[in-house]
1. Inside segment 97-133, can you point out the residues that are outside any strand (DSSP E or B), surrounded by fewer than 24 Cβ atoms within 10 Å (Cβ to Cβ) and in contact (Cβ under 8 Å) with a residue 60 or more places away in the chain?
2. Considering segment 417-437 alone, what residues qualify as being of a type outside the set (Lys, Arg) and at positive phi?
3. Which pairs have Cβ atoms under 7 Å, sit 6 or more apart or on different chains, and link a residue in segment 226-249 that is farther than 17 Å from residue 159 by Cβ to one that is of a type in the set (S, T, N, Q) and surrounded by fewer than 17 Cβ atoms within 10 Å (Cβ to Cβ)?
4. Hey, does segment 368-376 have a residue that's buried (at least 23 other Cβ atoms within 10 Å of the Cβ) and over 19 Å from residue 467 (Cβ atoms)?
5. Could you tell me whether residue 435 is crowded, with 20+ Cβ neighbours inside 10 Å and of a type in the set (S, T, N, Q)?
6. How about segment 484-521: which of its residues are within 18 Å of residue 433 (Cα to Cα) and surrounded by fewer than 24 Cβ atoms within 10 Å (Cβ to Cβ)?
7. In segment 327-340, which residue that is buried (at least 19 other Cβ atoms within 10 Å of the Cβ) and modelled with pLDDT of 95 or more is nearest to residue 259 (Cα to Cα)?
8. Before we move on, is residue 282 closer than 23 Å to residue 310 by Cα, crowded, with 16+ Cβ neighbours inside 10 Å, of a type in the set (S, T, N, Q) and under 26 Å from the mean Cα position of the chain (by Cα)?
Amino acid sequence: MTDWWMYHGNCEHTGLVEGSRIDVENVKELCLLHDVPLEGPVLSVPAVVGDFVYVGLANSWAAAGATGGQLLKISLTSGEPACKPFTWPIDPRDGDTHGFMGMGCTPAVATNPGDNKEYVFFSTFNGKLYCLHAEDLTQAWVTDLRNADPDHNQPVSNTADNGQPPAAGWSSPVVATDLGSVYVGIGEGENDALFGFVYCLNMSSGNVNWIYCTCLFKGDITGQPKVPNKPNHLPPAVVKGPLPSLFTRAPSDPPVRGCSVWSSIAYDKILGRVYCATGNPNPDGPLPTAGFSNGILALDALSGECRGFFQPHPKTSYRRTDQDVDFGGSPVVFERDGRRLVAAGCKNGGFFVLDAASMKLVRWRQLLPYYNDRRQIPTVDPHIGPSDQRYEPSVPNSYSNAEDEENYSGTYSTPAVHADMGRIFIGIGGNNYHNVKAGIDYSTTPFMRAMDWETLDDVWAMDNSDPRRYILPQPPMYRTPGEAALSSPAVVNDVVFCSTSKIALYAFHAWSGEPLWEDQLGEQTGGMSGGYGYCLGPAIAGDYVVVGALVFGKLGGGVLRIYKLP
């Protein structure tokens, strides 16, 4: 079988599964093989390599004081731990802003060509990148990417003791074994004292090869930069004392901060580039925003030199008053008729396909629905003032279009691309714990779109309602209040899998949208609007489907399920 060895299955993050028997004829026979008890919640997609599942916990009861993380290696066939878990403590002050103390990324499991041994790489909420021996999960090395780590050629201290969120590692590492390099993002967009960085490290030693600051130093700081940053030029605020010869202290700090890389970085071996999706700047506002924010950044994989940057036009937002419009999902690299393309969805609701070499826009579409006459729908992406605490407030379009506010309805999903089928699948919807149309406006908005990759038009049959809706996928679509796919679909043969905030995992006929199979992993934990739970997507390898979640009622709030064809 083909391994699901890193986030979204491969370096290009296509989410396409190869070497599996799962199809529309047998997917209904998927059965639950193991319901694995965990001592903490899962906030990521597992990795599946060989006969094992590698999965991390966002909080581990096994850590001292239940503040820390854990990485587990579990047998696919038995559902039992294959070795002692790797556990690390985190000071509560050093955890993520949401109270998570462990990890929220997919581990990357790769063989190092230098010694032909297998290793596991993952980033954590306290800003560290770990490398473990895959055989027994013992530590090979760890590099601190939040605080200066001279032993690993890491001079940056991206810290600020100001009571605001610290820099954290949400980014799933991507491993380019042909280059012997690991790429990961570290930052924090909500802290006005911190910056965003992309790190390239040597996979054997953990030493830093190059660092790229995602906050623009100079030039046109809205939209396309005229003077891109140079690799290894660092803000004075993050470096103290003498620097290693590789690095240069910039004359001044960038005028904006934030611009974090939250998601996994995609690697294109053919072009020799990495593609990084960036988040909001600080201070923030509607598009266009300053620096390398709310966009897609292309860097040379070997040198870190900037190869281009794309930020959406304000007209691509569902409302021009949309702000905090991160690219929360990862870029995907694929090829069409000999042309390399990169695609990603934005929290403003836009989906974008770019030429991977030039970073020029090829085409785009808005994922959120309109009325059939192209009018905005008031209950989609509603905006209210910061002091308005009403639950599910009803506001007209005129108010939402005048009030700058976060777009809660767009996408955080990484698309799955099926080249042979010529289709793209992407989840829709944000978190499900706020008081403004949590998740999505479920009666008008599908939690996943199926699109033609040439036109980006919907490919599943639609009815004549206002707005138009997919016919065959309902139910489950358009049925459950707030049900959103804050997750990444995976496509295997003629089946597409998608998980949601219900917390459920579904399989649909990729050609027609017909529901084929589903399982509900648990109940939401409750929250400001009655729901709080995550299932970030499945990992699929061979006859196995593996998924983890944050649910209510389980020990530590976590669940891991392993399904298999008979």
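1. Correct list: 97, 113, 114, 115.
2. Once the filter is applied, which keeps residues that are of a type outside the set (Lys, Arg) and at positive phi, segment 417-437 yields 422, 429.
3. Matching pairs, first to second residue: 231/303; 232/248; 233/248.
4. No: segment 368-376 contains no residue that is buried (at least 23 other Cβ atoms within 10 Å of the Cβ) and over 19 Å from residue 467 (Cβ atoms).
5. On the way: crowded, with 20+ Cβ neighbours inside 10 Å: no; of a type in the set (S, T, N, Q): yes.
In short, no.
6. If the condition is that a residue be within 18 Å of residue 433 (Cα to Cα) and surrounded by fewer than 24 Cβ atoms within 10 Å (Cβ to Cβ), then 504 is the only one that fits.
7. Taking segment 327-340 as the starting set, the residues that turn out to be buried (at least 19 other Cβ atoms within 10 Å of the Cβ) are 327-334.
Applying the additional criterion that residues be modelled with pLDDT of 95 or more yields 327, 329-334.
On the way: 327: 10, 329: 14, 330: 15, 331: 16, 332: 19, 333: 22, 334: 25 Å.
Among them, the one singled out is 327.
8. When the stated conditions are applied, residue 282 passes them.
The values are calculated or read from the model by the stated rules, or taken from the named source; none is laboratory data. Remember, predicted model here, so these are calculated numbers, not experimental data. In this analysis, Cβ positions are derived from the backbone assuming ideal geometry, glycine residues included, and neighbour counts consider all displayed protein chains.
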